[in-house]
Amino acid sequence: MNKSELIDAIADAADISKAAAGRALDGMTDAITDALKKGDTVSVVGFGTFSVRERAARDGRNPRTGDTIKIK
């Protein structure tokens, strides 16, 4: 499912216009993004939990050239 399909599903389920559903979805994603940038964890019961994690640096490969690169 892509974003436009999700907007269509929200509009149908909530009986609102697609424009209003799009604004609601954008508002939700913006709110989650802002909270994560502040270091908070976001829990939506029945949907999921979002958090930012630190990972150690590692080596990877550039898929185009095959060269080894450092991934921060």
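Taken together, the values in this text are just the output of simple stated rules run on the coordinates, not laboratory data. Bear in mind the structure is a predicted one, so any value in this text is a computation, not a measurement. Here Cβ is always computed from backbone atoms with ideal geometry, including for glycine, and neighbour counts include all displayed protein chains.
Determine the dipole magnitude for the chain: charges of +1 sit on the beta-carbon of Lys and Arg, -1 on that of Asp and Glu, nothing else is charged, the reference point is the Cα centre, and the result goes in debye to the nearest 20.
Working: 12 positive and 11 negative charges, 123 e Å.
Charge dipole of the chain: 580 debye, to the nearest 20.
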Considering the options 43, 4, 21, tell which one lies farthest towards the positive end of the dipole of the chain, charges being +1 on Lys and Arg and -1 on Asp and Glu at the Cβ, about the Cα centre.
43
Could you check the spin-label model distance between residue 65 and residue 36? Points 7 Å from the Cα along Cα→Cβ, value in nm.
2.9
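Suppose every K and R has +1 on its Cβ and every D and E has -1 on its Cβ; what is the size of the dipole of the stretch 1-41 about the Cα centre, in Debye to the nearest 20?
On the way: 5 positive and 8 negative charges, 34 e Å.
It comes to approximately 160 debye.
Tell me the Kirkwood hydrodynamic radius of the chain in angstroms, computed as one over the mean inverse distance between distinct C-alpha pairs. Before the final figure, lay out the partial values.
Numbers: mean 1/r = 0.0652 Å⁻¹.
Result for the chain stands at 15.3 Å.
Using a Förster distance of 22 angstrom, determine the FRET efficiency expected from the C-beta separation of residue 44 and residue 17, and round it to 0.05. Please report the intermediate quantities before stating the final value.
Details: r = 23 Å, r/R0 = 1.07.
Once rounded, the FRET efficiency stands at 0.40.
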The chain: Lys pairs at Cα distance under 28 angstrom, eight or more positions apart or on different chains
7
